[in-house]
Amino acid sequence: MNSHVKLDPVGELVANVSVPFERAKAMPKSVYTSPDFMKLELERVFSKDWICAGRSSSLAKPGDYITMSVAGTPVIVIRDREGKLRALSNVCLHRMSTLLEGSGNVKAIVCPYHAWTYNLTGELRGAAGMGLNAGFCKEDYKLPQFRCEDWLGWIMITLNPDIEGPSERLRDVSRLVGHYGMEHYVESFRETHVWNTNWKVLAENFMESYHLPMCHRNTIGGQVSLEQMDCPTGFPTFNYHWALKSDDQYLALAHPNNHRLAGDDRRRTYLLSIYPGLFISLSPGYFWYLALHPRSPGEVDMIYGGGLSPEFLADEDSDRHFASLKELLDHVNVEDKGCTEKVYRGLLGSASDPGHLSHLERPNYEFAQYLAGMIK
Ligand code: FES
Ligand SMILES: [Fe+2]
């Protein structure tokens, strides 16, 4: 690409999704590399849709919190004393320092700068040395709050006051996998990572299992066949595909005590891509997920977590099961890191160009349509 050619990522993306799927190509390079396009993504996608902050079971006790940045806005997700999950602005109302870092448990939110102190619902509780300012009134200060909902065990937050709630917006997820009882799956691990790729490269990697036989040839690739995959048409707010697991993948199957699932569902893994950034692999025996947010065009912030289904968790061998599952997931994740970072390095080069999509990459095409619809 000549450097003097002005990029028009939105126009290129709209043109890309106007081609019928049967002739479609991967998204244009500019949507991955352009800082201007990422600004639009933050403004029109990550500020407007529901963003996942992980599992609500990870914030079990009053005062348990995590922090994150949603489209540049620092946010605390915290469980208050009444047990309600809240998303509060993580910025002090005095001279605007950020308040909490990372994750943990607090009795009150104390600013690290001059110690203004807020309770768990965001009201200012104390501010030393402020008594002589006649205009200061403690009761006027309350941290701004954002919408925060527990949806099937997922913490969903949004900066958008107007968007429909997750149970309406994602009602077809419940129709599709409600019988799996995802809300009862408990997270056993939660990690945060930064990978050197565009967030959409990683999202697209999750959406297709076409890469499994090659990228994952040393782990799970041998257990899948391209002929047995199905990529049904998705929905405006998410896409999905599924794969049937074989008898030797014990943890991917329904536990004998699982009476919710019957027939092929006892061995069916759903791969749910919930736009824009939540990717869930849901098996009868376990789940794992990625919650993504762009950090820069070439860097993605991720929450990586998962755990066992309730029946495997109650099993006397649950520790051993979990250890073997975590080891496998970590290997698979390292393979995905390699593949998605290679894609980003490749598409940065001047001689690269997007190629045609396989019929097994229909979800990628639908994801591009969602993005174009939100951004144009
Ligand atoms: S900035 Fe928070 S107390 Fe001063
Ligand atoms: Fe993968």
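Here are the numbers:
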quantity: Proximal charge balance of residue 237 [Cβ under 14 Å; K/R count +1, D/E count -1]; calculated: -1
quantity: DSSP-assigned coil residues among GluC sites (Glu not before Pro) in the range 1-86, each with at most 10 further Cβ atoms within 10 Å; calculated: 82
quantity: Spatially proximal aspartates and glutamates relative to residue 39 (Cα-Cα < 18 Å; intrachain offsets below 8 disregarded); calculated: 8, 12, 49, 299, 301
quantity: Inter-site label distance for residue 196 and residue 117 at 7 Å from Cα along Cβ, in nm; calculated: 4.5 nm
quantity: Added length on full extension, which subtracts the Cα-Cα distance from 0.36 nm per residue, residue 356 to residue 223; calculated: 45.3 nm
quantity: Å² of accessible area per residue within the chain, as computed with a 1.4 Å probe and no ligands counted; calculated: 45 Å²
quantity: Part-to-part distance (alpha-carbon centres) for the range 120-154 and the range 310-376, which is given in Å; calculated: 39 Å
quantity: Efficiency of FRET from Cβ geometry, residue 319 and residue 246, R₀ 35 Å, rounded to 0.05; calculated: 0.90
quantity: Separation of alpha-carbon centers, the range 228-246 and the range 70-98, rounded to whole Å; calculated: 36 Å
quantity: Residues residue 96 and residue 162, FRET efficiency given R0 of 30 Å [Cβ-Cβ distance, rounded to 0.05]; calculated: 0.70
quantity: Percent carbon-and-sulfur accessible area, the chain, ignoring ligands, DNA and RNA, probe 1.4 Å; calculated: 52 percent
quantity: Over 23 Å (Cα to Cα) - which of 107/138; 84/200; 29/342; 29/326; 61/138; 61/326 fall in this group; calculated: 84/200; 29/326; 61/138; 61/326
quantity: Theoretical FRET efficiency, 1/(1+(r/R0)^6), r = Cβ-Cβ of residue 140 and residue 84, R0 25 Å, to 0.05; calculated: 0.60
quantity: Relative contact order of the chain, pairs being alpha-carbon contacts under 8 Å that are 6 or more residues apart, as %; calculated: 20 percent
quantity: Over the chain: helical MRE at 222 nm, DSSP H runs n ≥ 4 each giving -39500 (n - 2.57), nearest 500; calculated: -7000 deg cm²/dmol
quantity: Label-point gap, in nm, between residue 334 and residue 106 - each point 7 angstrom along Cα→Cβ; calculated: 3.7 nm
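The values are calculated or read from the model by the stated rules, or taken from the named source; none is laboratory data. Note that this is a predicted model, so its numbers are computed, not measured. All Cβ positions, even for glycine, are placed from backbone atoms using ideal geometry, and neighbour counts span all protein chains on display. Note: accessible area is taken over every heavy atom of the protein model, side chains too, but ligands, DNA and RNA are not part of it. Shrake-Rupley method; radii C 1.70, N 1.55, O 1.52, S 1.80 Å.
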